Amino acid sequence: MRLLAGEWVKRWPAGTVVLLDGPMGAGKTTFARGVLEALGHVGAVRSPTFNLLHVYDTDPPVLHADLYRLSAASGLGLEDYFDTHLCLIEWPDRLGALPGQVWRVKIEFGEGESQRVVTLLKPGLGAGTSQPAPSVGDPRMEG
Amino acid sequence: MIWHEGPLLAIESSCDETCAAVLRGRRVLSNIVASQADMHERWGGVVPEAAARAHVDAMLPVVQDALSHAAVGLDRIGAIVVTNRPGLIGALSVGLTTAKALSFALRVPMIGVHHIEGHLLSPFAVIDGYNDPPNFPHLSLVVSGGHTELVHVLAPGRYRLLGQSIDDAAGEAFDKSARLMGLPYPGGRAIQERARAGKPRYALPRGLKGDTFDFSFAGFKTAVSRLVEKEGDRLNIDDLASSVQETITEVLSARAVAAAESVGAKTMTVVGGVAANQRLRERLAELAARSGIRLIVPPIELCTDNAAMIGLAGSWRLAVGQRDDFTLDAFPNAELPADADEPELGPIDESFA
């Protein structure tokens, strides 16, 4: 998953909006960590569920948002980042009106415990499905 | 250590609660919290615009309540403390604007503080029969919906982060597990209730292993999700609640005590909303006692978000002469202050208590 994110981020300059779709626990934040690590970020990539927005000073700068706790995103000020940051948005169904051009990354549970099916949808075009990718976890992780 | 003699007014609006408190030294004269939890229930979640508006509506009544409960007139307030980081900008701005206006009108100093410094210093409060200030240095476990941190508290203003969650906070693990199990919000309380009748028979992952003081709860959440799906109708909610609670509290307690031992801390505090969990308090007390560590858990009203703790974080800074001016800004993300150059401060001065 993180390797995949590192590959895909090459197509995403500042001003790109990427919606991360998938059920709880599928690995949306893990995907975001992959993007940030590929951009050279060192350090934790924490779940933005509680704070709603995390901003990283990478090149391009990244906005990592999580709308899980929201019932609507009005007043959050997400739009302020759409032109200047690579925006990774979890639980985007709370967003209401979407910005014009968005990529969509769909993460689904695969058959095996650690398998995920990750689908990338380009803005306005069809989908390209990856092979089921074994999730690449933290080497320190148990179970 | 010295404290501003007060009375000072503290304001906190970084998240879902609008809070104000009045302090005299370490003594909390009033500690008022207006929660937006009922609003979240009505809307099915947070709406940032509505949340900021709710802070605007609640702020002045809460400040007035804090003053009248403390029986202190506004004209006698000697300083203003306000949370200016981290948090939602819209929410923080309401408290910050109020603090600036009061500071300007009353011609008293104002200082902005970090929300987590408030949590770290909350055990120093004197309130309703509680007066158990830790010594420096000590270890602090900060656990809430947004934070899971092990901090070595060296002195006021000198904090060393020993470990933290690399993904989900412990409170988030409680809340999201509850959601996956179909239990109501807030999840921590719901799980504590259901766990009473359950047995911890489901095995759940403990996150990071080995020699680390970091935590990981993302895999935990995934495991709960898988278990709920796999067990279907056979799932025993009480047993799963018990398993969730046992696993999270065991990981937190064991790692906190290990961290305290690694830095030779003889005192440990546990602060933040998850410190309200009874099982966490029990387990920490057991493990701390076994290691000869004194455990301090402040009363629940100091653990959940409140302004009294913000007052304490500002109080010592004001007492050593720190001030902010009206250019003070709000910040969504901010590191905990760790200024190694702070002057060494003496033992705790009890004279204000």
Practice problem: Give me a single rounded figure for A:25-31: the average over its residues of other chain Cβ atoms within 10 Å of their Cβ. | Solution: 4
Quiz item: What share of the DSSP beta bridges in the range A:2-137 is antiparallel, in percent to the nearest 5?
Solution: 50
Self-check item: Shielding by other protein chains, B:169-176, mean Cβ within 10 Å
Solution: 3
Exercise. Would you mind calculating the relative contact order of chain A from Cα pairs under 8 angstrom and at least 6 residues apart, reporting the percent as a whole number?
Key: 27
Exercise. Quick one: compute the contact order of the range B:268-328, relative version, from alpha carbon pairs under 8 angstrom and 6+ residues apart, as a percent.
Key: 38
Quiz prompt | the range B:114-189-the range A:5-72 distance, computed between alpha-carbon centres (Å) | solution = 25
Quiz item: the range B:264-332 to the range B:45-104: how many Å between their Cα centroids?
Solution: 21
Self-check item: nm² value of the averaged projected area, convex hull over the Cα atoms of the range B:44-173
Solution: 10.1
Quiz item: What is the average number of partner chain Cβ atoms found within 10 Å of a Cβ in A:77-84?
Solution: 1
Exercise. Please give the per residue volume of the convex hull enclosing the alpha carbon atoms of chain B, rounded to a whole number of Å³.
Key: 133
Quiz item: If you average 1/r over all unlike Cα pairs in the range A:2-137 and invert the result, what Kirkwood radius do you get in angstrom?
Solution: 15.0
Quiz item: Which number gives the lysine pairs in chain B that have C-alpha atoms under 22 Å apart and are eight or more places apart or on different chains?
Solution: 7
Quiz prompt | C-alpha long axis of helix B:170-180 to longest principal axis of chain B, angle in ° | solution = 50
Exercise. Please identify, among B:M59, B:M268, B:M181, the residue showing maximal mean-square fluctuation in a Gaussian network model of chain B using a 10 angstrom Cα cutoff.
Key: B:M181
Quiz item: One-quarter of the Cα convex hull surface for the protein assembly as shown, in nm²?
Solution: 23.1
Practice problem: State the answer as a single residue: which of A:A73, A:G27, A:F109 lies farthest towards the positive end of the charge dipole of chain A, with beta carbon charges of +1 for Lys and Arg and -1 for Asp and Glu, about the Cα centre. | Solution: A:F109
Self-check item: Cβ crowding within 10 Å averaged over residues, with A:17-25, B:192-200, B:20-28 ranked highest first
Solution: B:20-28, A:17-25, B:192-200
Quiz item: Given the Cα atoms of the range B:167-217, and with Rh set as the inverse mean 1/r over their pairs in the Kirkwood sense, what is Rg to Rh to two decimals?
Solution: 1.02
Exercise. May I ask you to give the percent of accessible area on the protein assembly as shown that is carbon plus sulfur, with a probe radius of 1.4 Å?
Key: 51
Quiz item: Which residue fluctuates the most in chain A, going by a Gaussian network model with Cα springs under 10 Å, if the choices are A:D66, A:D80, A:D93?
Solution: A:D80
Quiz item: Relative contact order for chain B using alpha-carbon pairs under 8 Å, separation at least 6, rounded to a whole percent?
Solution: 26
Practice problem: Please give the total accessible area that chains A and B bury against each other, computed with a 1.4 Å probe and expressed in Å² to the nearest 100. | Solution: 3100
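The values are calculated or read from the model by the stated rules, or taken from the named source; none is laboratory data. On a predicted model such as this, the values are computed, not experimentally measured, just so you know. When we count neighbours, we look across all protein chains shown, and the Cβ atoms used for this are built from the backbone with ideal geometry, even at glycine. Only protein heavy atoms, including side chains, enter the accessible area calculation; ligands, DNA and RNA are left aside. Shrake-Rupley method; radii C 1.70, N 1.55, O 1.52, S 1.80 Å.
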